[in-house]
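Undergrad: Quick one: this structure, given as structure tokens, is what I'll be asking you about.
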């Protein structure tokens with residue numbers, strides 16, 4: 001069965017449970033051995049395989065033992081740099097300051113009327 005949005009939550013859990021049971025059997029593990037290696041209870045493995053709800057950390061541990069944790073890479077892309085990191089990487093952008101705004105802010109600069117070519121006498 002293909003997992004898709006038309007399935008109920010229960011149907012998705014049941015299908016995932018069946019798939020994990022097949023993966024456990026292919027790995028030649030009993031439920032008790034899988035539970036021991038994953039540091040979860042045997043009842044937790046039973047619940048997973050029958051499509052019952054379990055804690056996410058328990059599912060992660062079981063997937064890790066079955067070497068299936070990388071399947072979650074398909075969920076979405078890895079996180080890229082945050083907007084703040086992008087700004088820090090880009091550095092400061094220099095802005096041109098006009099003479100008009102510098103005079104308003106009290107910054108002294110050359111007075112356009114006091115400038116000369118230097119050849120006047």
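Rule-based calculations on the coordinates, nothing more; no lab input. None of these values were measured; they are calculated from a predicted model. Cβ coordinates were reconstructed from backbone atoms using ideal geometry, including for glycine residues, and neighbour counts include every protein chain displayed.
Undergrad: Which residue pairs have Cβ atoms closer than 6 Å, lie 6 or more positions apart in sequence or on different chains, and pair a first residue in the stretch 15-32 that is within 14 Å of residue 44 (Cβ to Cβ) with a second residue that is not in a helix (DSSP H, G or I)?
TA: 17/50; 17/51
Undergrad: How many of the residues making up the stretch 8-30 are more than 20 Å from residue 72 (Cβ to Cβ) and either in contact with a strand residue (DSSP E or B) (Cβ under 6 Å, 6 or more places away or on another chain) or surrounded by 17 or more Cβ atoms within 10 Å (Cβ to Cβ) (or both)?
TA: 1
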